[in-house]
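I have placed the structure first, in the form of structure tokens, so that the comments after it can refer back to it.
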Amino acid sequence: MSSGKREDILGRIREALRVPAPRLHAGHGAAPAPIVPVQPRAWLPAVPPDAEGQLALFQKNCAQLKTDLQIVSGIEAATKTIVKLCKAHQWAMAAAHHHPLLDQIVPALGLETQYTEERPDSKSLEKCSVGITACDALIGQTGSIMLTARSAGGRALSVLPPHHLVIAQADQLVPDLPAAFELLSARYAKSYPSFITFITGPSRTGDIERILVLGAHGPKKLTVILIQ
Amino acid sequence: MLSSLAAKFKNSSTKFTADLEHRAKIRTALGSYEKARNGTQAQYQDWQAARTAASTIKWEAINHLDAYLTEFVEKLTERGTKVFWASNGQEARDYVVTLAKEKGARSIIKSKSMTSEEIHLNEALQQAGYEVVESDLGEYIVQLREEAPYHLVFPAMHLTRHEISVLFQEKLHTPPTDSPEELTMIVRRALRLKYLEADIGISGANFGIAETGMISITENEGNARLTTALPKVHVALMGIEKVIPKLADLSLFLPMLATAGTGQQITCYNSLIGGPRQPHETDGPEEFHLILLDNQRTQLLADAEQRDALHCIRCGACLNVCPIYRNVGGHTYATTYQGPIGSVITPHLRGLMDWKHLSYASSLCGACTETCPVKIDLHHHLLHNRRNAVAKQPDPAERFAFRAFAFLTRFPGLLNRLARLSRPLMPLANRARSILPPPVKGWVSSRDLPPIAEKSFRDYWRTR
């Protein structure tokens, strides 16, 4: 449903656009420049062509962003690593969602777990020590994690608990942002989830004297378990 | 005659320019920005080509705005978003206040939105009896101080940790601390409760994607994610100029906005919202309202020469590099949008004659134009504003001066004689500062006239 002054505003826009704008980058009196095709890949920071190099770049970005990246060899190793984290951080309760990969790991952690499919209220979700989610992709170029309301248990699970733990598989790593957007439309174009986000490191702020502080409002810690 | 706004601008700039402590704070803050931005920008394979492409995409969107907005709204409404078209701030404010009433809301949480500052949304909601809490750390701080954001992107850049600690002691009764981390945690704890209790979450939008009907929100703290995830109703406020054609365009805009804005390669959270909670999703708002705001943007659109000012993605880079902004500070502008972009668009949004003085607050060095990630011709637009203001209402004194000059140049002999007569008077000007008439007084009050050469060039040429 759309309401308000739709026709008025569209009318004013059409009236305004009757006078064409000068062609871009024409400069003062210079000949108009042609419209360039958009090829972000040729302009954005370079990404190695091979999977190995892309993983190394993802690792480097994670280190800079203070994302804790743990590369493990399989489901069993992943479970063991998370159990270790659980002890180190003294997690009392976890929140997660159902997902083929997560369902092989989360029940084995021996941790009381709330599942978002059971629609817990935000107050009890907030009390969980960790939110465990899957994701759609990892992005080498930026060290980002792409996830959606559909792939990662809704909107709150990955932002409300103080620690966000992502479980991903090595083949989910894509080289760069253009590849991530390609994947997004290939997977969802028929019906997009209502929420998609690119997460790049734990929550942060520089609002006080431009000094970096982690854990402003979102998770203070971000861990990625990458299963090879 | 100076309008009272111009006089205030002048007084405030005089005060801030002489405040060395203030200047040192801004220099430190923007120095660290510059270093980060230079590093990140250097990683691009071709930053200039990226700028050209970004401005081309924006040109395409703005010059076909009716088509892209129609597509955008169609896609959004298909999935249950309620779109409201607001001609001005009043209509937008009324819509939100009425909605709050309908929903029986008590508290409202807000994430950063300059557009909401533009229409003074908080004031309207507070007057109607609602509690509105800003959740961005910087915005929260300036809200506690009851002042406007100092900068588009860094609202509390003018405050030291000590000043913030004193503020928190006074307003939140927290113990004193000079640790930015502890100060941040105080706000984190205070706001957690607010997110959970809020009935309505209000956000802005950095981009609107026509192709898929989504808004894109860029942030670092996670406050916008919480604001748009937890409350039952989400209201987003977006200027009509924020629409871009394709989803994939974001692969360029998201990193460029971060690089130009804060020097990051990409900010911590970049979220796309395309509607309220969908049938198979486990959480999210039950209602999503999007307010599309005109508020004089179509006026600016009608000015073909300056239309590209609507390409702005509000990264704040032009403020950061502007020698005027760095000296007079953000509050001197007394506008929602400060710095060069504010000086260009405020006369269009709020009246040329009241705000023309901003176009003179520029050294025309062009640093803004050079840094702008979407290549807005900022410093030429400042000149366009000056020209338009003079055409609308010429200044009699200025006109007299130029006519006199034009007359004298036609009679070089007379000019020469007058110049020779005035030569002995020139050194006196420095001593007679206080009694000289404006505008000479304004010029010499902060400068020494250079010593006059013994011989004029004309005399030298003759005797060479």
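The values are calculated or read from the model by the stated rules, or taken from the named source; none is laboratory data. Only a predicted model underlies this, so the values are computations on that prediction, with no experimental measurement involved. No Cβ is skipped: glycine too gets one built from the backbone with ideal geometry, and neighbour counts run over all protein chains shown.
Please list, ordered by residue number, the strands (runs of 3 or more DSSP E) wholly in segment B:168-261 having 3 or more residues that are out of contact with any Phe, Trp or Tyr (no Cβ under 6 Å at 6 or more places or on another chain) and either within 30 Å of A:LEU125 (Cα to Cα) or at pLDDT 95 or above (or both). Break it down stepwise before answering.
Values: elements: B:200-203, B:207-209, B:214-219, B:233-239.
Ranges flagged: B:200-203, B:214-219, B:233-239.
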**Request:** For segment B:15-35, enumerate the residues that are of a type outside the set (Lys, Arg) and over 21 Å from the mean Cα position of the chain (by Cα).
**Result:** B:ALA18, B:ASP19, B:LEU20, B:GLU21, B:ALA24
**Asked** Does B:LEU76 satisfy the criteria of being under 26 Å from B:ILE186 (Cβ atoms) and within 9 Å of chain A (Cβ to nearest Cβ)?
**Response** no
**Fill in**
Counting only residues that are more than 7 Å from every other protein chain (Cβ to nearest Cβ) and buried (at least 24 other Cβ atoms within 10 Å of the Cβ), segment A:161-179 contains a total of 4
**Item:** B:ILE324 being among the aliphatic types (A, V, I, L, M), away from chain A (no Cβ under 14 Å) and part of a helix (DSSP H, G or I)
**Value:** yes
**Prompt:** Of everything in segment B:226-271 that's hydroxyl-bearing (Ser, Thr, Tyr) and at the interface with chain A (Cβ under 8 Å from one of its Cβ atoms), which residue is nearest to B:PHE84 (Cα to Cα)?
**Reply:** B:THR228
**Prompt:** Would you pick out the residues in segment B:56-86 that are small (Gly, Ala, Ser) and in contact with a helix residue (DSSP H, G or I) (Cβ under 6 Å, 6 or more places away or on another chain)?
**Reply:** B:ALA61, B:ALA86
**Prompt:** What pairs can you find where one residue is in segment B:23-35 and more than 8 Å from chain A (Cβ to nearest Cβ) and aliphatic (A, V, I, L, M), the other is in a helix (DSSP H, G or I) and surrounded by fewer than 20 Cβ atoms within 10 Å (Cβ to Cβ), and their Cβ atoms are less than 8 Å apart, with a gap of 6+ or different chains?
**Reply:** B:ILE26/B:ARG326; B:LEU30/B:ARG326
**Tabulated pairs, segment B:136-165, first more than 9 Å from chain A (Cβ to nearest Cβ) and under 13 Å from A:ILE208 (Cα atoms), second assigned to a loop (DSSP other than H, G, I, E, B) and of a type in the set (Asp, Glu), C-beta under 9 angstrom, 6+ apart or interchain** = B:HIS162/B:ASP178; B:SER165/B:ASP178
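Before we move on, is B:ARG106 at pLDDT below 95 and either touching a helix residue (DSSP H, G or I) at 6+ places or on another chain (Cβ under 8 Å) or more than 9 Å from every other protein chain (Cβ to nearest Cβ) (or both)? Before you say what the answer is, go through the steps one by one.
On the way: at pLDDT below 95: yes; either touching a helix residue (DSSP H, G or I) at 6+ places or on another chain (Cβ under 8 Å) or more than 9 Å from every other protein chain (Cβ to nearest Cβ) (or both): yes.
Considered against the rule, which asks whether it is at pLDDT below 95 and either touching a helix residue (DSSP H, G or I) at 6+ places or on another chain (Cβ under 8 Å) or more than 9 Å from every other protein chain (Cβ to nearest Cβ) (or both), B:ARG106 comes out as yes.
Only one residue in A:GLN114, A:GLN141 is part of a loop (DSSP other than H, G, I, E, B) and more than 23 Å from B:ALA224 (Cα to Cα), so which one is that?
Matching residue, one of A:GLN114, A:GLN141: A:GLN141.
Check every one of the helices (runs of 4 or more DSSP H) wholly within segment B:408-464 and list those with 3 or more residues that are aliphatic (A, V, I, L, M).
Qualifying helices (runs of 4 or more DSSP H): B:412-422, B:426-431.
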**Request:** Please go through segment B:335-358 and pick out each residue that is touching a residue at least 60 places away in the same chain (Cβ under 8 Å), more than 21 Å from B:ILE62 (Cα to Cα) and part of a helix (DSSP H, G or I).
**Result:** B:GLY339, B:MET353, B:ASP354, B:TRP355, B:HIS357, B:LEU358
**Fill in**
A:GLY153 passes all but one of the listed conditions (1) on the phi > 0 side of the Ramachandran plot; (2) surrounded by fewer than 24 Cβ atoms within 10 Å (Cβ to Cβ); the exception is number (2)
**Asked** Got a number for residues in segment B:359-385 being under 20 Å from B:ALA42 (Cβ atoms), in a helix (DSSP H, G or I) and over 15 Å from the mean Cα position of the chain (by Cα)?
**Response** 2
**Request:** Quick one: which residue in B:THR228, B:THR259, B:THR218 is closer than 21 Å to A:ALA180 by Cα, touching a residue at least 60 places away in the same chain (Cβ under 8 Å) and crowded, with 24+ Cβ neighbours inside 10 Å?
**Result:** B:THR259
**Request:** Mind listing whichever residues of segment B:179-218 are charged (D, E, K, R), facing another protein chain (nearest Cβ under 10 Å) and in contact with a Lys or Arg (Cβ under 7 Å, 6 or more places away or on another chain)?
**Result:** B:GLU211
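Rundown of residues vs (1) closer than 24 Å to B:ILE109 by Cβ; (2) touching a residue at least 40 places away in the same chain (Cβ under 8 Å); (3) of a type in the set (Asp, Glu); (4) more than 7 Å from chain A (Cβ to nearest Cβ), yes/no style:
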| residue | (1), (2), (3), (4) |
| --- | --- |
| B:ILE273 | yes, yes, no, no |
| B:ARG277 | yes, no, no, no |
| B:GLY284 | yes, yes, no, no |
| B:LEU290 | yes, yes, no, yes |
| B:ASP303 | no, yes, yes, yes |
| B:ARG307 | no, yes, no, no |
**Asked** Checking B:TRP59 against (1) over 28 Å from B:ILE202 (Cβ atoms); (2) more than 7 Å from every other protein chain (Cβ to nearest Cβ); (3) crowded, with 21+ Cβ neighbours inside 10 Å, which test does it fail?
**Response** (2)
**Item:** Within segment B:206-228, considering residues that are of a type in the set (A, V, I, L, M) and touching a helix residue (DSSP H, G or I) at 6+ places or on another chain (Cβ under 6 Å), the one farthest from A:SER185 (Cα to Cα)
**Value:** B:LEU226
**Complete:** Selection from segment B:357-379 of residues farther than 17 Å from B:VAL328 by Cα and buried (at least 18 other Cβ atoms within 10 Å of the Cβ) yields B:THR369, B:THR371, B:CYS372, B:PRO373, B:VAL374, B:LYS375, B:ILE376, B:ASP377, B:LEU378, B:HIS379
**Request:** Could you pull out the residue among B:TRP59, B:TRP47 that is among the aromatic types (Phe, Trp, Tyr), under 26 Å from the mean Cα position of the chain (by Cα) and closer than 23 Å to B:ASP303 by Cα?
**Result:** B:TRP59
**Complete:** Only unsatisfied item for B:TYR325, checking (1) touching a Leu at 6+ places or on another chain (Cβ under 7 Å); (2) touching a residue at least 40 places away in the same chain (Cβ under 8 Å); (3) not β-branched (Val, Ile, Thr), is (2)
**Complete:** Exactly one of B:VAL96, B:VAL142 is among the hydrophobic types (A, V, I, L, M, F, W, C) and touching a helix residue (DSSP H, G or I) at 6+ places or on another chain (Cβ under 8 Å), and that residue is B:VAL96
**Prompt:** What do you reckon, is A:ARG155 in contact with a helix residue (DSSP H, G or I) (Cβ under 7 Å, 6 or more places away or on another chain), in a loop (DSSP other than H, G, I, E, B), modelled with pLDDT of 95 or more and within 14 Å of another protein chain (Cβ to nearest Cβ)?
**Reply:** yes
**Message:** Can you tell me which residue is nearest to the chain's Cα centre (by Cα) among those in segment A:197-228 that are in contact (Cβ under 8 Å) with a residue 60 or more places away in the chain and at the interface with another protein chain (Cβ under 8 Å from one of its Cβ atoms)?
**Reply:** A:THR200
